[in-house]
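This report refers to the structure that appears directly beneath it.
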Amino acid sequence: MKRNTGGLVYSTDGGRMCPGCRRPLDNCHCKKDVGSASGDGVVRIHRETKGRKGQGVTVITGIPLEPEALRTLAKTLKQKCSSGGTVKDGAVEIQGDHRDLLANELRKQGWTVLT
């Protein structure tokens, strides 16, 4: 059985290539589509340990913001928790269990929050 390696990754014509849409990274259509999340307007917060060797993170999903605005929001939330974190696939991950603190902060900003 032949393995799918994702296709062309470099071209002398365009430089680095996107494995998703197979276009040069400057003209990639995949990265523009990622993060334009549309949801039901309800922000959900839960704790997750799966795949993290037992270390828990607080995951915030359902925030319908553009990627840049989501990164800015994640930065402010990380500062409130005095913790690290990241934005992955339209979800904000904050290291540690900060569900109550994050729920209160998001409610202050006007979001409908479910924990």
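Which of the aspartates and glutamates could a cross-linker span from residue 53 if the Cα-Cα distance has to be under 19 Å and same-chain partners fewer than 8 positions apart are dropped?
Qualifying aspartates and glutamates at Cα under 19 Å: 93, 97.
Sort 72, 115 from largest to smallest accessible area, using a 1.4 Å probe on the heavy atoms of the protein chains.
115, 72
With a/c under 1.5 counting as rounded, go ahead and sort region 40-92 into rounded, prolate or oblate using the C-alpha gyration tensor (a ≥ b ≥ c being the square roots of the eigenvalues; past the cut-off, prolate if a/b is larger than b/c, else oblate).
Judged from the Cα gyration tensor, region 40-92 comes out oblate (a/c at least 1.5, b/c at or above a/b).
The values are calculated or read from the model by the stated rules, or taken from the named source; none is laboratory data. Quantities reported herein were computed from a predicted structural model and do not represent experimental measurements. Keep in mind that these areas ignore ligands, DNA and RNA; they rest on the heavy atoms of the full protein, side chains included. Shrake-Rupley method; radii C 1.70, N 1.55, O 1.52, S 1.80 Å.
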